[in-house]
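The values are calculated or read from the model by the stated rules, or taken from the named source; none is laboratory data. This one's a predicted model, so the numbers in the text were calculated from it and none came from an experiment. Backbone-built Cβ (ideal geometry, glycine too); neighbour counts: all protein chains shown. The accessibility values were calculated without ligands, DNA or RNA, using every heavy atom of the protein model including side chains. Shrake-Rupley method; radii C 1.70, N 1.55, O 1.52, S 1.80 Å.
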Amino acid sequence: MHFNFSRIFSRIRRVAVGRMGVLAMALCLSIAVAQPAEASRNNDDAKSLLIDSITSGYTTWNRAAWDGKVSCDMLPVSVSMKVAMERGKLTLISLRAPFLGEVARIEVDEQNLLIVNKFKKRYYRKSMADLGRMAPDFQSDLQAMLLGRIFILGDGQLERADAAKLDIFPMGADQGYMLVPGLPDDIESVVYGFLVSPQYMLSRMVVAYGRQQTTTELTATEEVASNGTAIEERAAEESSFEPLAQLQADFAYPEKGGARINLEGSYGSRTYTATVTADKVQWGAKMFDRIDVAGYQNVSFREVIKLK
């Protein structure tokens, strides 16, 4: 099935028709009910006012932590999750399984990304310098995601000053807005966007990684000149985006606080689902201890995430 990407992503780069799976379907189908990109919502002053409404609920923070649970179709049991962050400097994520204790750890500091499989005593390390070529400010983007906040890739959490960096598509009546950030020129393989509820809460995030293809089509127009008939040929470029991997996150907010995030991801022909239930964020919380990987085996990313 084909869905039209162009009305969403043409302002990012010349993306026309792409072959989409169910994960990006929600954003693509939203085009059918989205109004045209109105000047009232796509001039920077109006966008800044909308950003103010979205970010007014964002607590200013230096340290934050929350506890939660993760259930996943890849895991035989649910695991508990503990997140602690120091803004812009350190992110710690710990996963614990019943009767086994901590089974996995992710740490992101100013030098490295570290993923640890404690069950198999393996770890994977990637320097932030290398990671920065793909994600210029990975730490800030990650922390915004973990707090359920909209972010601009490479710039972190959405701010008022980011108005010129994204397009806003008003949805139908009482359906909120679609936000589509622009992309740095050197990032050719990612598209992403957000849906915001009428209450200005993040309701959906969709990210797709894939390949862009450009085709050139010659068109001929016939014009009659005073001395006869002339044929003019013009070349038109059309780009398409084919997702290779996709992630959709749907956010719900229980009355008691916290959040419930339903995740669906696909890579190739495989689809994965997971649900994260997060308790209320504890602002100003203490960080927990870093992990020591002495005696652990340094392996590839593929090896560290293997469960068997």
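Quick notes on this structure:
- Surface exposure of the range 67-216, expressed per residue as accessible area with a 1.4 Å probe, stands at 47 Å².
- Gyration tensor (alpha-carbon) shape descriptor, the range 144-205, a/c threshold 1.5: prolate
- Between the range 59-116 and the range 117-184, the Cα center-to-center distance that results, in Å: 18 Å
- Unsatisfied cross-links (Cα-Cα over 29 Å) in the set LYS82/LYS256; LYS126/LYS308; LYS118/LYS165; LYS82/LYS165; LYS280/LYS308: LYS118/LYS165; LYS82/LYS165; LYS280/LYS308
- Apportionment of accessible area to carbon and sulfur, the range 252-308, percent (1.4 Å): 50 percent
- Net charge over other residues, Cβ less than 13 angstrom from the Cβ of TYR272 (K, R count +1; D, E count -1): -1
- Computed about its Cα centre, the charge dipole of the range 102-175 is approximately 640 debye, with only Lys, Arg, Asp and Glu carrying charge at their Cβ.
- Normalising the average separation of contacting C-alpha pairs (under 8 angstrom, six or more residues apart) by the number of residues puts the relative contact order of the range 237-308 at 20 percent.
- Pairwise FRET efficiency - THR59 versus ARG133, Cβ, R0 = 35 Å, nearest 0.05: 0.65
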